[in-house]
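All remarks here apply to the structure that follows.
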Ligand SMILES: Cc1cc2nc3c(=O)[nH]c(=O)nc-3n(C[C@H](O)[C@H](O)[C@H](O)COP(=O)(O)OP(=O)(O)OC[C@H]3O[C@@H](n4cnc5c(N)ncnc54)[C@H](O)[C@@H]3O)c2cc1C
Ligand code: SF4
Ligand code: SF4
Ligand code: FES
C-alpha cells in the first residue's frame, strides 16, 4: 500500500519528516541522522530532516518554511511524547498553511531514548515507528475543531484554605462560584491551628476574615454540609448534582445564637467533638466552633434522641425564638451547571494506631500533633492550658517526627510539613509549659522561605534534636527516673548508640495522607491518582494544577502534601486556569469523534447500547445509526464493535491504524 | 532481521493510562527492552480484534494491550469491552495454534511506569523463549497444505493471494 500516492482526489501526498535531537536527550541514544536518512527513502516523503530542538521557535519555523517551500501536505514529527507537544506541532503545521490535523507525532524520547540502553536497537525502533507514522499520515484528513460555549461558573469542591482561596479569586473576577464543603463549616485543617509556622502568626487571624468574605461574597454560593453526588458533561459544560444534607435547621432563620445548644436535654456533650479531634465532647445540636462559617448550628442525627426515634422533650425547639429547628427537614438535591471544577478536598492525617509500638490509644499521654494543635490554642478544649490526659502538666515532652512518613511499612513519601509543624509545636509547648522538649527526627526538612532560620531559632531556644527513628515508646521502666514516665527508645544515629529518654508527654507528628474516599472522588471527576492516592496533575512541571480531564483543576493537599503558602499559591494557579477557560467563553472540542457512514450501516443496532454516553440513536426513517457529535467523547468503542465497519473515528480511523500496524511491522 | 535478534511486540496503549505510564517510565529513566512498538488509541475499547489479528498476520511475535484498571476507564466502561474481546481473541488464537503468552492484556494506570517496564521485559523474555511466530510464513505454508489436500482449491487460494 505504500505505493499509493494519491488520495483526497488528485492531491499528491507530500510528507515532511522532522526528527528532533532534543539536545542530547534523543540524539545520544538514537542515531537521528540515520533515521532521517532512512525515512527519506520511504514513498511520498519529500523532506526528511533532523534538528536540535524541534519545539523551539526555529524548529517550528523549519516546518512552516518547508511546508511552503516544498508544498508539503503531511507532517510527521519524531520527538517527545505527543501528550507534551502535539499541540505545538499542530499549530506550526497550521502556521505553514495546512490543516493542523495533517500533523502526526512519533514518541521517540519517553518511549525511546530515555528507556533504552542499546543505541542500535533504539535507532531500529525509531525507524520502525517512523515508517508506521509515514504510512498512517497519508490517510489523515482535514478536521475542524468544534466550538462549544462555556457556562461562566465554577464549582469548588472542599472549603479548606485551598478551596477558599480559589473561590475568592474566581469570585473577585466576577465569575459565579459554587463552593461545596462536606463539613458543617469551611476552614479545613487550618481552622484548627493556633499559630502557623514559620512566622507564628495566628491562624484564625488570617483565616477567619477569608471565611467571612466567602460567606458574604455576592458571587459565591456556599453549600456546607453538602457533597457532590454526580457530575456529567464535558469541559465548559458540566452538570453537577449536589446533595445538601439535612441540618434540621432552617438556614434562613437561624442566627447562630446557640440558645438551642444551651437548652438541649443533654447538659454535657455526648459525642466526640470532631473539631477538637475528640479531646472534648459536644452535644447533638452544635456549632463546630465559634467562628464557624456559615454561623449556623447543625443537629447530628446519630446523637440526637429525637432523630434516633427516641422520646425527647425537644427543649431545643422551645428554646429557639426564631423557630429555626425543623426536624422534618430532609436532604435536598441541587442541580447546577458549571464550566470548570476545582477539586480542593485536602488530606487526612495518618492514623498512628498503625504504628502500635508508639502506643497511641494505649498510653493516654501519647498525642497526635493535631490534638496538640487544639491543646495549645486558647479557644481549644483546655483554653490553651497544656495538661495531659492524666492531669499532669508536662515537664519533659518528646516530639516524634515522620510518623507514617518516609516509612516503607506505611507511607513512603515525605509529608513536607511535619518537621516544620513539629518545631512550631515545640516552640508553643515550651512557651505554654516551660517543658524541656526533645525532637526525634530522621532529617530536618526546612526548605522554605524563613524555614531554616526557624530551625536555627529553635536550636537557640534550647530544644533538643536527636537524630534517629524512634523504635518504641513504653511505660515499662528500666531505671528509677523512668518510673511513671513514657520512655522513648531510639538509636541516636549521630551519637551511635541506643538512648532511652523518659518524658511526660509524647507528640506524634503524623503524616499527611489522601482521604479514605479519594478513589471515589477521583472516579467521579474522572481524574487519576498517583501511586499514593493523591490526585495526579497533568504534568508535574508544566501543568501542575490541570488534570487529564479538561476543565477539572487541582488545588491544595489533595494533590500532595504541602504547606499553607504553597496551597494558597496553587489555589491561585488553579483559579487562573479555570478563569482562562471561563473567560475564553468557548471550548474547542477535539475532533476525534466518531461518525457513522449511512451507506455502510446495516442498521443492526449493535452500537446503540455500547456507547457509554448514549450518543448513538437510530434514525428509524432511514434505518441507520446516527452519532450526536456533541455527546460523543471519542472513545472508539462503537467503531471497534460495528460489524459493518460503518463507523469511523477521526484520527483513529481503521485504515490509519491498520496501515500503522502493517508499516511498523514491515520495517525488518 | 536475523533469527536470534529481539522479538517484536506490537503494543496498543490507552492514551489515558498505559500510554501515560510509558511516558512516566521514560521521564523516570527506567530501562527496558527496545522490543515494543506502541500504537496509541484513546481507549482500550477502540481496539478491534482485527487489529490484533492483523498485527500477528503482519509479523508481530507478540501483542500487548494496555488499558485502564477496571472501573477507571476514562470513558466509563471501554475497558470491559476490551476484556470481552480479549477473551474472544484468546480462544481464536488457541485455535490457530498461537501460544497464549503471545497476547497479553494488562491494566496499567498512569502512575505505574514501573509496570510498563516489567511487563515489556517479561513479555520479551517469554517471546524469546517461544521463538519467532512467523505467522506470515506459516500462512503461506498453510496455503500449500490446503492445495495439497484439496487440489480444487488451488485456484481460489491463488486468487486470494493476489488480493492480499
Ligand atoms: C498538625 C498540622 C499542622 C500544620 N501546621 C501548618 C502550619 O503551621 N503552617 C503551614 O503552612 N501549614 C501547616 N500544615 C499544613 C496545612 O494543614 C495544609 O497546608 C492546609 O491545610 C492544606 O489546605 P487544603 O485546603 O488543601 O486541605 P484541608 O485543610 O484538608 O481542607 C480540605 C477541605 O475539603 C473538605 N472535603 C474533603 N473531601 C471533600 C468532599 N469529598 N467534598 C466536599 N468537601 C470535602 C474537607 O472537609 C476540608 O474542609 C499543618 C498540617 C498539620 C497536619
Ligand atoms: S453497529 Fe454499525 S451497522 Fe450496526 S447500527 Fe451501528 S453503525 Fe450501523
Ligand atoms: S466513539 Fe465512543 S462516545 Fe463516541 S459514539 Fe462511539 S461509543 Fe459513543
Ligand atoms: S480510557 Fe483507558 S481503557 Fe478506556
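The values are calculated or read from the model by the stated rules, or taken from the named source; none is laboratory data. Keep in mind it's a predicted model, so treat the numbers as computed, not measured. For neighbour counting, all protein chains shown are included, and Cβ atoms are generated from backbone atoms with ideal geometry for every residue, glycine included.
Would you check if there is a residue in the range B:94-116 being away from ligand 4 (no atom under 16 Å from the Cβ), outside any helix (DSSP H, G or I) and under 30 Å from residue A:592 (Cα atoms)?
Checked the range B:94-116: at least one residue is away from ligand 4 (no atom under 16 Å from the Cβ), outside any helix (DSSP H, G or I) and under 30 Å from residue A:592 (Cα atoms).
From the list A:437, A:476, A:466, A:442, which residue is more than 27 Å from the chain's Cα centre (by Cα) and free of Cβ contacts under 8 Å to residues at least 12 places away in the same chain?
It is A:476.
Where in the range A:82-190 are there strands (runs of 3 or more DSSP E), lying fully within it, with 3 or more residues that are within 16 Å of ligand 2 (Cβ to nearest atom), in contact (Cβ under 8 Å) with a residue 60 or more places away in the chain and under 30 Å from residue A:346 (Cβ atoms)?
none
Looking for whichever is away from chain B (no Cβ under 14 Å) and more than 19 Å from the chain's Cα centre (by Cα) here; the options are A:591, A:598. Which one fits?
It is A:598.
Among the residues of the range A:566-581, are any in a loop (DSSP other than H, G, I, E, B), away from chain B (no Cβ under 14 Å) and more than 9 Å from ligand 3 (Cβ to nearest atom)?
The answer is no; no qualifying residue exists.
Quick one: which of A:191, A:153, A:167 is surrounded by fewer than 22 Cβ atoms within 10 Å (Cβ to Cβ), touching a helix residue (DSSP H, G or I) at 6+ places or on another chain (Cβ under 9 Å) and farther than 30 Å from residue A:655 by Cα?
None of the others qualify; the one that does is A:153.
All but one of (1) farther than 30 Å from residue A:649 by Cβ; (2) away from ligand 1 (no atom under 16 Å from the Cβ) hold for residue A:197; which doesn't?
(2)
For the range A:611-628, which residues satisfy the criterion of being within 13 Å of ligand 3 (Cβ to nearest atom) and within 15 Å of residue A:644 (Cα to Cα)?
Passing the criteria: A:625, A:626.
Got a number for residues in the range A:293-318 being over 14 Å from residue A:251 (Cα atoms) and assigned to a loop (DSSP other than H, G, I, E, B)?
15
Just the residues that are touching a helix residue (DSSP H, G or I) at 6+ places or on another chain (Cβ under 6 Å) and at the interface with chain A (Cβ under 7 Å from one of its Cβ atoms), please, taken from the range B:1-37.
Result: B:10, B:22, B:23, B:25, B:26, B:30, B:32, B:34, B:37.
Residues that are in contact with a helix residue (DSSP H, G or I) (Cβ under 9 Å, 6 or more places away or on another chain), assigned by TED's automatic domain parsing to the domain that holds residue B:123 and not in a helix (DSSP H, G or I): does the range B:80-93 have at least one?
No: the range B:80-93 contains no residue that is in contact with a helix residue (DSSP H, G or I) (Cβ under 9 Å, 6 or more places away or on another chain), assigned by TED's automatic domain parsing to the domain that holds residue B:123 and not in a helix (DSSP H, G or I).
Regarding the range B:38-54, can at least one residue be identified that is in the same structural domain as residue B:107 (by TED's automatic domain parsing), modelled with pLDDT of 95 or more, within 16 Å of ligand 2 (Cβ to nearest atom) and crowded, with 24+ Cβ neighbours inside 10 Å?
Yes, the range B:38-54 contains at least one residue that is in the same structural domain as residue B:107 (by TED's automatic domain parsing), modelled with pLDDT of 95 or more, within 16 Å of ligand 2 (Cβ to nearest atom) and crowded, with 24+ Cβ neighbours inside 10 Å.
Starting from the range A:612-625, keep only residues that are in contact (Cβ under 8 Å) with a residue 24 or more places away in the chain, then list their pairs with residues that are more than 9 Å from ligand 3 (Cβ to nearest atom) whose Cβ atoms are within a distance under 6 Å, requiring at least 6 positions of separation or different chains.
Correct list of pairs: A:612/B:76; A:612/B:77; A:624/A:598; A:624/A:601; A:624/A:603; A:625/A:601; A:625/A:618.
Restricting to the range A:410-426, count the residues that are surrounded by fewer than 21 Cβ atoms within 10 Å (Cβ to Cβ) and over 23 Å from residue A:353 (Cα atoms).
Residues flagged as surrounded by fewer than 21 Cβ atoms within 10 Å (Cβ to Cβ) and over 23 Å from residue A:353 (Cα atoms) within the range A:410-426 amount to 0.
Of all the residues that make up the range A:627-646, how many are under 21 Å from residue A:147 (Cβ atoms) and either in contact with a strand residue (DSSP E or B) (Cβ under 6 Å, 6 or more places away or on another chain) or within 16 Å of ligand 4 (Cβ to nearest atom) (or both)?
Looking only at that region, the number is 4.
For the range B:48-62, name all the residues that are under 17 Å from residue A:640 (Cα atoms) and more than 7 Å from chain A (Cβ to nearest Cβ).
Passing the criteria: B:49, B:50, B:52, B:53.
Filter the range A:499-534 for residues that are surrounded by fewer than 23 Cβ atoms within 10 Å (Cβ to Cβ), assigned to a strand (DSSP E or B) and in contact (Cβ under 8 Å) with a residue 24 or more places away in the chain and give the result.
Those that are surrounded by fewer than 23 Cβ atoms within 10 Å (Cβ to Cβ), assigned to a strand (DSSP E or B) and in contact (Cβ under 8 Å) with a residue 24 or more places away in the chain: A:499, A:501, A:502.
For residue A:489, state whether it is part of a helix (DSSP H, G or I), surrounded by fewer than 17 Cβ atoms within 10 Å (Cβ to Cβ) and in the same structural domain as residue A:361 (by TED's automatic domain parsing).
Considered against the rule, which asks whether it is part of a helix (DSSP H, G or I), surrounded by fewer than 17 Cβ atoms within 10 Å (Cβ to Cβ) and in the same structural domain as residue A:361 (by TED's automatic domain parsing), residue A:489 comes out as no.
If I go through the range A:543-559 residue by residue, how many of them are away from ligand 4 (no atom under 16 Å from the Cβ) and either in contact with a strand residue (DSSP E or B) (Cβ under 7 Å, 6 or more places away or on another chain) or closer than 19 Å to residue A:240 by Cβ (or both)?
The qualifying residues number 9.
I want to confirm something. Restricting to the range B:63-85 and keeping residues that are within 12 Å of chain A (Cβ to nearest Cβ) and more than 11 Å from ligand 4 (Cβ to nearest atom), which single residue is surrounded by the fewest Cβ atoms within 10 Å (Cβ to Cβ)?
B:84
Please specify each residue of the range A:240-283 satisfying the condition of being more than 22 Å from residue A:187 (Cα to Cα) and without any contact (Cβ under 8 Å) to a residue 12 or more places away in the chain.
A:267, the sole residue that qualifies.
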